[in-house]
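Q: Mind looking over this structure? Questions follow.
The values are calculated or read from the model by the stated rules, or taken from the named source; none is laboratory data. Bear in mind the structure is a predicted one, so any value in this text is a computation, not a measurement. Cβ placement follows ideal geometry from the backbone for every residue including glycine, while neighbour counts extend to all protein chains displayed. Areas reflect the complete protein model, heavy atoms only, side chains present, ligands, DNA and RNA absent. Shrake-Rupley method; radii C 1.70, N 1.55, O 1.52, S 1.80 Å.
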Amino acid sequence: MLVTPMSGPLARYGRAGAAALALWAEDFAAPDRVALEVVDAHPDAGAAARRAEALRPDLLFGPYGSRPAADVCAATRRLVWNHGGAVVPPRSNVVSVLAPADTYFAGTVEMIRREFPGVGTVGVLHGPTGFARAVAAGAVARAERDGLAASPAVLPAAPPPADALLVAARFDEELAVARAVDRAGRRVLGFVAAGVREVLAELGDGREGLVGPAQWLPEAAPEPDEGPAAASFVAAYRARTGFEPPYPAAQAFAAGLVALRCLRASGTAGESGDDALRTAALGLTCTTLFGPFRVDAAGRQLGHQVLTIQWQNGRRAVVWPPERANASPR
């Protein structure tokens, strides 16, 4: 059972995750037989979770979006396989596949420290949402840990003067900042939205040089020991939908792979089997096309690492970490 936005402002990404999980269920779950049902999380994710729980599914997958994911996890007693919420409060009924929001700019800050020795100050401009605050707090903490001066500010304040500027806000707010910001003197300019191919597209050549976090890019995917390689997934998703898979699709597909592996290991399903499923997840270390999977005792993802991309020559190039990079940062 998948609870995710199939309508409303997040529907584009919710539908991508639904298509990926349907692909997993129909083509990649063998020899098990999996039937996927989808409940629209919009406009009330908590109510949608309760409707899904009443249907007594064997597995419950959460929605795209941090706020809907948190609402679903709070509304149900069932174990939720979280593939779409980067900010979900610690709960005993959550297993997260994606890296948490406070790590989004960790790689960028490390890259700044190692590759741009002239940068001494990092400005962090963020919006008021829980996701934006978490991303910003992680960036500030990492900068201070690495010996860089961090200067945070909250929109609608102006970007703080700094050698490097990192921005985390709603996509429309980031676009407005990207249009208006004075780039003079900035050695590094980063936006969460820069990691998503379409969000800053209207900037055209103005995207060149921008950096940002990316949960997944197929060309930087590791060799998996669980499930198909990225190329096989991309081809199957393209054949099914006519589109290239965005990162929410890869996250959802990976959640299906991990959940089914835990289900096979525990040998139990349904509400009575959730504790055994969670125990299996806490003890699991594996690598899917999405990346490494390993969680802590709270179900928070530890294995998966967010990539840092930079727009170079009109495309996203992976510039950090070095072992996954296909280009050098500029």
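Q: Quick one: if you take sqrt(5λ) for each eigenvalue of the C-alpha gyration tensor of the stretch 218-262, what semi-axes come out, biggest first, whole angstrom?
A: Numbers: eigenvalues 61, 30, 17 Å².
Gyration-tensor ellipsoid for the stretch 218-262: 17, 12, 9 Å.
Q: Output the peptides 93-100, 207-214 sorted from most to least packed, where packing is the average of other Cβ atoms within 10 Å over each peptide's residues. Before the final figure, lay out each step's value.
A: Values: 93-100: 25.1, 207-214: 22.5.
Descending mean neighbour count gives 93-100, 207-214.
Q: Taking each pair of distinct Cα atoms in the stretch 2-61 once, what is the resulting Kirkwood hydrodynamic radius in Å?
A: Values: mean 1/r = 0.0838 Å⁻¹.
About 11.9 Å for the stretch 2-61.
Q: Hey, another quick one. Would you mind calculating the relative contact order of the chain from Cα pairs under 8 angstrom and at least 6 residues apart, reporting the percent as a whole number?
A: Working: 716 pairs, mean separation 62.1, N = 330.
About 19 percent, as a whole number.
Q: If packing is taken as the average count of other Cβ atoms within 10 Å, what order do 249-261, 54-66, 29-41 fall into, highest mean first?
A: Values: 249-261: 26.6, 54-66: 21.8, 29-41: 15.2.
Going by the mean number of other Cβ atoms within 10 Å, highest first, we get 249-261, 54-66, 29-41.
Q: Over the Cα atoms of the stretch 1-128, what Rg and Dmax result, in angstrom?
A: Considering the stretch 1-128 through its Cα atoms, Rg and Dmax are 17.6, 58 Å.
Q: Moving on to the next point. Ranked highest first by the average count of other Cβ atoms within 10 Å around their residues, in what order do 122-130, 162-170 fall?
A: Numbers: 122-130: 22.0, 162-170: 24.7.
Those peptides, ordered most packed to least, come out 162-170, 122-130.
Q: Using a 1.4 Å probe over the heavy atoms of the protein chains, calculate the carbon and sulfur portion of the accessible area of the chain as a whole percent.
A: 51
Q: Translational D (Stokes-Einstein, µm²/s) of the stretch 131-256 at 4 °C and 1.567 mPa s when Rh comes from the Kirkwood sum over C-alpha pairs?
A: Taking Rh from Cα pairs, D becomes 78 µm²/s.
Q: Taking the solvent-accessible surface of protein heavy atoms with a 1.4 Å probe, what is the per residue accessible area of the chain in Å²? Before the final figure, lay out each step's value.
A: Values: 13500 Å² over 330 residues.
Heavy-atom SASA per residue in the chain reads 41 Å².
Q: Another one. Only Lys, Arg, Asp and Glu count, each charged at its Cβ (+1, +1, -1, -1), so figure out the dipole size of the stretch 277-330 about its Cα centre, rounded to 20 debye.
A: Values: 7 positive and 2 negative charges, 34 e Å.
The dipole magnitude comes to about 160 debye.
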